[in-house]
């Protein structure tokens, strides 16, 4: 007998502008400050971007990588359900997510990464990549990105549920 499957999908587009100042401010081998997207998906999700993971060379500003994470923001219901629990809040179900970086006009694909079967909780609120892509490939060697001084970061979050699980 076939098993039914339901997928709830949230799509979010984040336009990042003034990239030159963001990337130039995070040169050398120092980890950059976090840049946070607005909350999306009814306030349940947020993207965390570091334009420098801190793993580059102090002699080459284009060296190193960017870091990108999906952050789970607990709902009031999740917080209330966690009251008194040593484990804290838990988001029910397994989630997959995809990050895709494009030029601002959506004509040039730069990089895509996908993760599956992640569970979010107070102890594991953020999932992603400390070394998502090289700074060189995302900004410094991209004429279209440098010309527009902007890029588009697309995020797809997918909750997979089998028959009987409520979303």
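The values are calculated or read from the model by the stated rules, or taken from the named source; none is laboratory data. Please read these numbers as outputs of a predicted model, since none were measured by experiment. Cβ sites come from the backbone with ideal geometry, for glycine too, and all protein chains shown count toward neighbours.
One table, with the values for the structure above:
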| item | result |
| --- | --- |
| Counted residues, the range 25-50 - those being surrounded by 14 or more Cβ atoms within 10 Å (Cβ to Cβ) and under 22 Å from residue 157 (Cα atoms) | 12 |
| Output for the range 139-167, where each listed residue is surrounded by 14 or more Cβ atoms within 10 Å (Cβ to Cβ), farther than 15 Å from residue 49 by Cβ and at pLDDT 90 or above | 140, 142, 144, 146, 148, 149, 156, 157, 158, 159 |
| Residue list for the range 7-24, restricted to those being at pLDDT below 95 and more than 22 Å from residue 65 (Cβ to Cβ) | 7, 8, 9 |
| Positions within the range 123-138 being surrounded by 14 or more Cβ atoms within 10 Å (Cβ to Cβ) and either under 15 Å from residue 97 (Cα atoms) or over 17 Å from the mean Cα position of the chain (by Cα) (or both), in sequence order | 125, 127, 128, 129, 132, 136, 137 |
| Residue in the range 125-134 that is in contact with a strand residue (DSSP E or B) (Cβ under 9 Å, 6 or more places away or on another chain) and assigned to a loop (DSSP other than H, G, I, E, B) present | yes |
| Residue count, the range 69-91 (criterion: free of Cβ contacts under 8 Å to residues at least 60 places away in the same chain and either closer than 30 Å to residue 147 by Cα or within 20 Å of the chain's Cα centre (by Cα) (or both)) | 7 |
| Enumeration of residues in the range 139-151 that are touching a residue at least 40 places away in the same chain (Cβ under 8 Å) and either under 15 Å from the mean Cα position of the chain (by Cα) or assigned to a loop (DSSP other than H, G, I, E, B) (or both) | 141, 149, 151 |
| Among (1) farther than 16 Å from residue 39 by Cβ; (2) at pLDDT 95 or above, the one test that residue 80 misses | (2) |
| Failed item, numbered, when residue 104 is tested on (1) in contact (Cβ under 8 Å) with a residue 12 or more places away in the chain; (2) loosely packed, with under 15 Cβ neighbours inside 10 Å; (3) in contact with a strand residue (DSSP E or B) (Cβ under 9 Å, 6 or more places away or on another chain); (4) under 18 Å from residue 17 (Cα atoms) | (2) |
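Residue-by-condition table, conditions (1) at pLDDT 95 or above; (2) in a loop (DSSP other than H, G, I, E, B):
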| site | (1), (2) |
| --- | --- |
| 26 | no, yes |
| 46 | yes, no |
| 49 | yes, no |
| 53 | no, yes |
| 60 | no, yes |
| 84 | no, yes |
| 97 | yes, no |
| 105 | yes, yes |
